[in-house]
Structure formats: C-alpha cells, structure tokens
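Inspection log for the structure reproduced underneath, given as structure tokens.
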C-alpha cells in the first residue's frame, strides 16, 4: 500500500503528510478543493513528466515522496522488484527544482525517469474517467488475454515452443538471404580467374618474407667477409699457432691449479674457454657454408618483382595473399554447390514452417478457450455492475504470423439488447466506460495485483442502484490492492474503510489546499450532505447512518 505520502510546494499544497490504510481509502470534498492534485502528485511518482507550472512558490523546490509497504504475497509475485525493496518497503521521490529540472529517486538513489516507470508500473495503477489505456488500445488485448489464467492454461509453454521455432525460422531466413547475397553466381568466372592467377605462381608459405631476408643477407656478404678476415687475423695472428692451440695450451696450464685455493676459479675459466672455442668453430662453419652468388641475387629480385602484382591486389604479405586465395577457393566451392545448398535451406525452412504452423494453431486454440473463460468472467462482472448480461465478447482472429503467434485479439461490447457488438472505443459512454474499466480491472488485477489502485472520479455518470454496485466492486478490489478513490457518490464514501476530507483555505490572498482524516460522525455528516445536497437535516443524517450501516453488515 501507499502507506505514506508527503507533498510540499506543489500547486495549492504547502505541506502535506498523509498516511493511508491497506484497504479502501476515500477522498472527498468540494470540487476544486485539491483532491485531484493528489492524483497529479502520485502520477509523478509513477514516472509522469514534471509540470513545473505546479510549483506553488517558483523560488523553491517541490517535493513529492511516497513510501510503499508491501505484503509478502506482493513481494513473492513481483520478483522484478526484489532489488529495490528494502525489508518490505520502497520509497519513491520526485523533486521539481526552480531551475526547471527534476530528480527521481528510489530509496534515496537517483535513477532515470524510464527506470522509474519500469518500477512504478508494477506498483501503481491510476484509473480516471479519461483513462483509455486498457479499453482503447487494442495492442493490449493479446497480452491481457495471455496473462489470464496463464499459470494453469499451459499457454506459456506453447508460447515458448512457438517463439523458439519462430526465431529459428527468422535466423534461417537471414542466413539464406546472406548466402544468396554473398554468392553471386555472376562472379564465378572472375573468381576462377583470380584463383588461377595466384595458383600459377605456386607461392610458398612465408616466401616473400624469406626471400627478402635472404636478399639482405646476400647483399651484405662483402661486409661479412671483411669482418671474418679481421676476426681470423685477431685470433690467429700467425700460422705457427692457431687459436685452438692457444686455448688448449691455456687449459693445460689451468690444470696446474688443481688441489689449490684457485682450483674452482681455474675450472670456471677452463669451461668458459671451451665454450668460446665451440662458438668460434660454429661461426667458422656457418661462414664457410655461406653461398654468395650474384646469380642468386638476380633470381630473388626477379621472383620478388613477379609477385608485386599479387601484392598490389591481395595484400603485402605472403599470408595476405594465401588467405585471399583460401577465401576465394571457399567461395568457389560454395558457388559450385549453390543449388544444393539453396535446396538445403528451402527444405529446412519448409520443415520449420510446418512445425511453427502447428504450434501457432495450438496457440490459437488455447487462446480461444481462454477467451471463452474470460468472456464469462468479465460478463459476470459487468452484470454485477448493472450492464447487459453477455454483452462482452472476445474475438480471436487469425492474421499474419509474428513472434507472438498468428492471432489478433479484439474486445467487443454490446450495451443494449438487439444491438450489434462493436469495439469498446465505439461503445462506451461516460458511466458505461467507468464500469467497463472497473469490470476488466476486477478480473485482471486478481492475476497479478497492483500494490495501489487509484480511482479518480470514475463513478461519474453513475447513480442510484448502480452506484451501490460500483461501490461494492471497488471495495471488492481492496481485497487484492490498496485502493485510493476520489468520489462524489455517497454510496462509495459509505463503503470506504478510511476517509479523508479535502478543503481549501484563503489566507492573505493565497489559496492553500489541505487534507484531513475524518472518522465516525464526521463521515456520517459528509455522506448526509451528499444525499441531501448540503442541506443537513435529521432525515439525511439518518439515511446516511443507514447507508453506512448497510455496508458494514
């Protein structure tokens, strides 16, 4: 329930702090006293865009804050709110600043307006005489029907199966379109030419890079030769003794340090000299194996030059060219098997199409069964509100297949015997509109109740015995949701559990609206005024007492 509402500097309200009950809360008072301002304020808590013209004092901020306290049942059936609920409550705050900017918060944390709407739409439902979202928007009808008894109808399981297959069809169709687009059969001849162009060079893995490295090595051979000669002159300055002989002699001498304090160091030096000797030998062998050939340089240059045409078209590196070849060969393979692949797509598509049609028919069948059950329940509600028995009908018509099935759902109404069924939008007058909405809410709010339902003068155009029926129906809804109702009907006031009187005062040329909770005899007096047209007399008071007592039985 909306357990506490705080409002400051909003329209005619200076400061207001009011607590509501979990049952049927009735707001009454003269027209213009400020009752609907409370609805405007609560609308901001539900995510409505701010109207900065509502700032009472434009130099100060306006604050609207509502604390909602939830039952265990509500928390259990609204898992999507778990991250926002602290304990068993949640606080929504809207702040309107003089700078014409607004802030939205949940439990003190700032959130976007769209995020607020997603949360609030699970909690609050504001229902007014002008409310048309449920009745007039046909886009809602399919989801309303599907939500009806969904836990017991097995509809959701069929919907999931259908949705899965429908998604598979769409993905297959996309894949097929991409295959057709990327496999243009007219490109086949050119692809074959490109493949042959690359293949004729018989290019090897990493060939361009290896040739360039070899060329650099060959072109630097003269420098290598001079450097090696200098090394030889240094390590073997004369022919009488080689570098190896010198190393061997030193290592023999180092053996003389055995069994002395220098033995360990001598052994390390001997090992290092051995390693130096091995490396010099390896370097010599590699030098002797070098094959310097001007002819080979010419061969490499010619090969690299011949490959430049491939590099211009397919990439600078060998891997670029070979990867391009691989892609083109694969594309040619696909083109060569184009007809077979296309036939494969079409067979799969036909198989899925047959499967999805069966599931769509199952969905239609289940929806038609649900429609009959929902018709019966809504008609019962309409009859209890004094409308034509059997005057509500649901049509489930097959249409183009979509992600939700092949069904278009239409709600029809017949207001008078002998009249034809027409759309709700065409049919409802003011009072009938209210009762239609009330009947539908009575059905659907039982499925997944809102925490708080707000009715803003939806009883307009209702009187007499029908008013009592409306009052009873609104009170019946308070078994599932906390109700806040603004009314001018004595029957609705008499049926309420808690009562609040709105009034306005003029002080120093300023009009201020206030709200006070009233009980007992004060409620009787207000109902009596409604019954007698503000002329209080004993008969009216007695009638008011009797009316209130009749609802308490």
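Hey, among the residues in region 61-90 that are assigned to a loop (DSSP other than H, G, I, E, B) and under 22 Å from residue 113 (Cβ atoms), which one's farthest from the chain's Cα centre (by Cα)?
As a first pass, look at region 61-90 and keep what is assigned to a loop (DSSP other than H, G, I, E, B): 61, 70-71, 78, 82-85, 87-88.
Those still in the list that are under 22 Å from residue 113 (Cβ atoms) too: 61, 78, 82-85.
Working: 61: 33, 78: 17, 82: 17, 83: 16, 84: 17, 85: 20 Å.
Result: 61.
Any residue at all in region 215-238 that is under 30 Å from residue 326 (Cβ atoms) and in contact with a helix residue (DSSP H, G or I) (Cβ under 8 Å, 6 or more places away or on another chain)?
Checked against the condition, which is being under 30 Å from residue 326 (Cβ atoms) and in contact with a helix residue (DSSP H, G or I) (Cβ under 8 Å, 6 or more places away or on another chain), region 215-238 yields at least one hit.
Within region 12-21, take every residue that is touching a residue at least 12 places away in the same chain (Cβ under 8 Å) and in a strand (DSSP E or B) and give me the one that is surrounded by the most Cβ atoms within 10 Å (Cβ to Cβ). Show your work before the answer.
Filtering region 12-21 for residues touching a residue at least 12 places away in the same chain (Cβ under 8 Å) gives 12-14, 16-21.
Those still in the list that are in a strand (DSSP E or B) too: 13-14, 16-19.
Details: 13: 22, 14: 14, 16: 19, 17: 11, 18: 17, 19: 14.
The qualifying residue surrounded by the most Cβ atoms within 10 Å (Cβ to Cβ) is 13.
Count, please, the residues in region 94-115 that happen to be at positive phi and touching a residue at least 40 places away in the same chain (Cβ under 8 Å). First the steps, then the outcome.
The first filter runs over region 94-115 and keeps only residues at positive phi, leaving 100, 107-108.
Filter again for touching a residue at least 40 places away in the same chain (Cβ under 8 Å), leaving 100.
Residues that pass the stated criteria total 1.
Would region 242-260 turn up any residue that is in the same structural domain as residue 196 (by TED's automatic domain parsing), more than 60 Å from the chain's Cα centre (by Cα), touching a residue at least 40 places away in the same chain (Cβ under 8 Å) and farther than 30 Å from residue 209 by Cβ?
No, region 242-260 contains no residue that is in the same structural domain as residue 196 (by TED's automatic domain parsing), more than 60 Å from the chain's Cα centre (by Cα), touching a residue at least 40 places away in the same chain (Cβ under 8 Å) and farther than 30 Å from residue 209 by Cβ.
For region 508-526: of the residues being surrounded by 14 or more Cβ atoms within 10 Å (Cβ to Cβ) and in contact (Cβ under 8 Å) with a residue 60 or more places away in the chain, which is nearest to residue 493 (Cα to Cα)?
Step one: list which residues in region 508-526 are surrounded by 14 or more Cβ atoms within 10 Å (Cβ to Cβ), which gives 512-515, 517-518, 523-526.
From the residues that got through so far, the ones that are in contact (Cβ under 8 Å) with a residue 60 or more places away in the chain too are 512-515, 517, 526.
Numbers: 512: 24, 513: 20, 514: 19, 515: 16, 517: 13, 526: 9 Å.
Here the residue is 526.
Given the criteria touching a helix residue (DSSP H, G or I) at 6+ places or on another chain (Cβ under 7 Å), in a loop (DSSP other than H, G, I, E, B) and buried (at least 23 other Cβ atoms within 10 Å of the Cβ), does residue 492 qualify?
no
Find the residue count for region 492-525, including only residues that are more than 47 Å from the chain's Cα centre (by Cα) and at pLDDT 90 or above.
6
Residues are listed down the side, and each one gets a yes or a no for (1) out of contact with any strand residue (DSSP E or B) (no Cβ under 8 Å at 6 or more places or on another chain); (2) surrounded by fewer than 22 Cβ atoms within 10 Å (Cβ to Cβ); (3) at pLDDT below 90; (4) more than 30 Å from residue 509 (Cα to Cα):
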| site | (1), (2), (3), (4) |
| --- | --- |
| 10 | no, no, no, no |
| 23 | no, yes, no, yes |
| 36 | no, yes, yes, no |
| 47 | no, yes, no, yes |
| 67 | no, yes, no, yes |
| 89 | no, yes, no, yes |
| 96 | no, no, no, no |
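If you go through region 529-547 one residue at a time, do you hit one that is in contact (Cβ under 8 Å) with a residue 12 or more places away in the chain and part of a loop (DSSP other than H, G, I, E, B)? Talk me through it step by step, then tell me what you get.
Keep residues of region 529-547 that are in contact (Cβ under 8 Å) with a residue 12 or more places away in the chain, which gives 530-531, 540-541, 543-545, 547.
When the remaining residues are screened for being part of a loop (DSSP other than H, G, I, E, B), the result is none.
The answer is no; no qualifying residue exists.
Residues 191, 254, 215, 172: which one is surrounded by 15 or more Cβ atoms within 10 Å (Cβ to Cβ) and within 30 Å of residue 294 (Cβ to Cβ)?
Working: 191 fails: within 30 Å of residue 294 (Cβ to Cβ); 254 fails: within 30 Å of residue 294 (Cβ to Cβ); 172 fails: within 30 Å of residue 294 (Cβ to Cβ).
Going through 191, 254, 215, 172 in turn, just one is surrounded by 15 or more Cβ atoms within 10 Å (Cβ to Cβ) and within 30 Å of residue 294 (Cβ to Cβ): 215.
When you scan region 73-83, do you find a residue that is over 18 Å from residue 449 (Cα atoms), in contact with a helix residue (DSSP H, G or I) (Cβ under 8 Å, 6 or more places away or on another chain) and either crowded, with 18+ Cβ neighbours inside 10 Å or at pLDDT 95 or above (or both), even just one?
So the first thing to find is which residues in region 73-83 are over 18 Å from residue 449 (Cα atoms), and the list is 83.
Subsequent filtering for residues that are in contact with a helix residue (DSSP H, G or I) (Cβ under 8 Å, 6 or more places away or on another chain) retains none.
No - not one qualifying residue is present in region 73-83.
With the requirement that a residue be modelled with pLDDT of 85 or more and in a helix (DSSP H, G or I), what does region 197-214 give you? Can you show your working first?
Let us first name the residues in region 197-214 that are modelled with pLDDT of 85 or more, namely 197-213.
Selection gives 197, 198, 199, 207, 208, 209, 210, 211, 212, 213.
Would it be correct to say that residue 290 is exposed (fewer than 14 other Cβ atoms within 10 Å of the Cβ), in contact with a helix residue (DSSP H, G or I) (Cβ under 9 Å, 6 or more places away or on another chain), closer than 27 Å to residue 230 by Cβ and modelled with pLDDT under 85?
Numbers: exposed (fewer than 14 other Cβ atoms within 10 Å of the Cβ): yes; in contact with a helix residue (DSSP H, G or I) (Cβ under 9 Å, 6 or more places away or on another chain): yes; closer than 27 Å to residue 230 by Cβ: yes; modelled with pLDDT under 85: yes.
For residue 290, the condition - exposed (fewer than 14 other Cβ atoms within 10 Å of the Cβ), in contact with a helix residue (DSSP H, G or I) (Cβ under 9 Å, 6 or more places away or on another chain), closer than 27 Å to residue 230 by Cβ and modelled with pLDDT under 85 - is met.
The values are calculated or read from the model by the stated rules, or taken from the named source; none is laboratory data. Everything numeric here is computed off the predicted structure, so don't read it as measured data. We place every Cβ from the backbone using ideal geometry, glycine too, and count neighbours over all the protein chains shown.
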